[in-house]
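Heads up: the structure comes next, in structure tokens.
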Amino acid sequence: DAGVIQSPRHEVTEMGQEVTLRCKPISGHNSLFWYRQTMMRGLELLIYFNNNVPIDDSGMPEDRFSAKMPNASFSTLKIQPSEPRDSAVYFCASSSGLQDYGYTFGSGTRLTVV
Amino acid sequence: GESVGLHLPTLSVQEGDNSIINCAYSNSASDYFIWYKQESGKGPQFIIDIRSNMDKRQGQRVTVLLNKTVKHLSLQIAATQPGDSAVYFCAENTLYNNNDMRFGAGTRLTVKP
């Protein structure tokens with residue numbers, strides 16, 4: 001398996017523009033997580049899905065952020081409109097739903113909003 | 001609120017020495033703990049885990065120790081190598097909800113040649 005695949009690896013956009021981050025989880029994993037990592041706040045859980053259904057989005061900063069998982073092999077995180085304070089590395093992770101072995105993370109998308 | 005925290009934000013060791021990275025947790029309900037390694041430009045990578053019914057678990061060059069009495073977790077790396085330089089995170093989870101993984105702030109380990 002190629003692991004969790006995220007795209008793009010880097011994104012630079014202007015304030016006010018829409019940004020869409022993409023994730024392909026590991027096949028067979030039924031839980032998917034979106035994290036944001038910054039120097040100030042570390043790793044923050046934004047939202048997670050179980051069997052494609054959003055379960056907890058309490059970590060989503062505000063209404064500008066939205067996430068979807070239309071099927072078991074694809075998820076998106078959208079920011080509209082983007083702001084400079086959204087600049088961070090966004091990670092997607094997936095899990096089999098079993099307690100052992102934790103989460104498998106993708107390589108992340110580094111977002112810079114100018 | 002309850003959280004996972006680290007004692008030391010940075011650690012510098014000489015190549016070949018042993019490294020010890022510490023982590024404090026406060027949620028007594030947590031029963032599964034994981035150490036992750038994050039290299040520059042990459043996502044966190046699973047290193048080793050331990051359940052709360054164990055005090056110690058060994059892997060290849062790594063050992064995790066769990067002290068539930070004082071809610072303390074440590075990662076020991078034997079014969080530290082330059083490739084071990086990274087940020088290390090501890091994370092905790094609970095039996096009833098595998099989707100409640102919480103991460104500590106991280107410790108940066110630098111290995112000097």
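The values are calculated or read from the model by the stated rules, or taken from the named source; none is laboratory data. These figures come from a predicted structure and were not determined experimentally. Quick reminder, even Gly has a Cβ in these numbers, built from the backbone with ideal geometry, and neighbours come from all protein chains shown. Please note that ligands, DNA and RNA were not included when accessible areas were found on the heavy atoms of the full protein model with its side chains. Shrake-Rupley method; radii C 1.70, N 1.55, O 1.52, S 1.80 Å.
What is the number of the single condition among (1) within 12 Å of chain A (Cβ to nearest Cβ); (2) modelled with pLDDT of 90 or more that B:THR94 does not meet?
(2)
Being open to solvent by less than 40 Å² (accessible area, probe 1.4 Å), closer than 27 Å to B:GLY106 by Cα and modelled with pLDDT of 95 or more is true for just one of A:GLY106, A:GLY42. Which residue is that?
Being open to solvent by less than 40 Å² (accessible area, probe 1.4 Å), closer than 27 Å to B:GLY106 by Cα and modelled with pLDDT of 95 or more holds for just one of A:GLY106, A:GLY42, which is A:GLY106.
Every residue in segment B:46-56 that is surrounded by fewer than 16 Cβ atoms within 10 Å (Cβ to Cβ) and either at the interface with another protein chain (Cβ under 7 Å from one of its Cβ atoms) or not aliphatic (A, V, I, L, M) (or both), please.
In the first step, residues of segment B:46-56 are kept if they are surrounded by fewer than 16 Cβ atoms within 10 Å (Cβ to Cβ); the result is B:46, B:51, B:53-56.
Those that are surrounded by fewer than 16 Cβ atoms within 10 Å (Cβ to Cβ) and either at the interface with another protein chain (Cβ under 7 Å from one of its Cβ atoms) or not aliphatic (A, V, I, L, M) (or both): B:PHE46, B:ARG51, B:ASN53, B:ASP55, B:LYS56.
Quick test of your reading of the structure: A:PHE65 fulfils all but one of (1) open to solvent by less than 20 Å² (accessible area, probe 1.4 Å); (2) within 14 Å of chain B (Cβ to nearest Cβ). Name the failing condition by number.
Of (1) open to solvent by less than 20 Å² (accessible area, probe 1.4 Å); (2) within 14 Å of chain B (Cβ to nearest Cβ), only one is false for A:PHE65: (2).
When the residues of segment A:86-103 are filtered to those that are without any contact (Cβ under 8 Å) to a residue 24 or more places away in the chain and surrounded by fewer than 20 Cβ atoms within 10 Å (Cβ to Cβ), which remaining residue is nearest to the other protein chains (Cβ to nearest Cβ)?
Here is the first cut: in segment A:86-103, the ones without any contact (Cβ under 8 Å) to a residue 24 or more places away in the chain are A:98-102.
From what is left, the residues that are surrounded by fewer than 20 Cβ atoms within 10 Å (Cβ to Cβ) are A:98-101.
Numbers: A:LEU98: 7, A:GLN99: 5, A:ASP100: 7, A:TYR101: 7 Å.
The selected residue is A:GLN99.
Taking segment A:68-82, which residues are open to solvent by less than 50 Å² (accessible area, probe 1.4 Å) and in contact with a Gly (Cβ under 9 Å, 6 or more places away or on another chain)? First the steps, then the outcome.
From segment A:68-82, those open to solvent by less than 50 Å² (accessible area, probe 1.4 Å) are A:69, A:75-77, A:79, A:82; that's our starting set.
Correct list: A:SER82 only.
Would you be able to tell me the number of residues in segment B:10-45 that are within 13 Å of the chain's Cα centre (by Cα), open to solvent by 50 Å² or more (accessible area, probe 1.4 Å) and within 11 Å of chain A (Cβ to nearest Cβ)?
1
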